[in-house]
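Peer 1: Starting off with a structure, shown below.
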Amino acid sequence: MKQYGLIGFPLSHSFSKKYFTEKFEREKIENAGYDLFPIESVSELPELLKHHPDLLGLNVTIPHKLNVMAFLDRIDEGAQKAGAVNCIRISNENSHQLLEGFNTDVYGFEASLQPLLKPWHQQALVLGDGGAAKAVKSVLTKLGITFKCVTRKETPGNWLFSELKPQQIADHLLIINTTPLGTYPKVEECPPIPYEAISNKHLLYDLIYNPEQTLFLQKGAAAGAATKNGYEMLLLQAEKSWEIWNAKDKH
């Protein structure tokens, strides 16, 4: 049995398990399974691998995308640049489990963002600065889009939500939410920014996919902005993970 799975904590709302289970059925991929492995601390990973020797690949979600890197034998260049890993390929080398880290969020975000970009999307605000923001910042840097991160707590170089002014919103026509604010079931929440400054030249991108239209995106759409949720990014990163796990040349 070819075993794949997701590590993170908590894992109550998992896109990945549903996606891969349906993919295996639809594409008639036999002897393959995808499970959830809710581990509170990433230090539980070696024990998990010992108990599941058939594991060939893992997706990694909150809160382990950064700390998992210390447990890997190799880290792909893209993941190194992003400073976070969300996909692990497991292969056996001389009876040792070799763990290789990748960041498929980078691929998923870039491929889903690029078709929406207009010439005036030169400056971005990245709301939040956790593991998910790392992939976003890596892509913006690659595309030559300057950005500022906005956080609740004071962090060198970042702006504070509490001090954000309408002019800063007006100057940054691409706004990406990487925080969990607005995720189901807390759909009445949204990042605290001056929404009155949003215009029809803005593009609002939310990494959240449930609900389909967060309050953040609703407020953007009401002002005439283009909006995008995180669903396509998830699909793309899942398919990229599958490609990595099944790559013929593993090195």
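No value in this document is a laboratory result; all are computed from the given coordinates. Just so you know, these numbers come straight off a predicted model, no measurement behind them. Here the Cβ is made from the backbone with ideal geometry for all residues, glycine too, and neighbour counts use every protein chain on show.
Peer 1: Quickly run through region 199-222 and pick out the residues that are free of Cβ contacts under 8 Å to residues at least 60 places away in the same chain, under 20 Å from Glu110 (Cα atoms) and either in contact with a His (Cβ under 8 Å, 6 or more places away or on another chain) or among the β-branched types (Val, Ile, Thr) (or both).
Peer 2: Ile208
Peer 1: Can you pull out the residues in region 196-248 that are acidic (Asp, Glu) and under 22 Å from Phe24 (Cα atoms)?
Peer 2: Listed by number, the residues that qualify are Glu232, Glu239, Glu243.
Peer 1: Among the listed residues Lys18, Lys28, which satisfies the condition of being surrounded by fewer than 17 Cβ atoms within 10 Å (Cβ to Cβ) and in a helix (DSSP H, G or I)?
Peer 2: Checking each option against the conditions leaves just Lys18.
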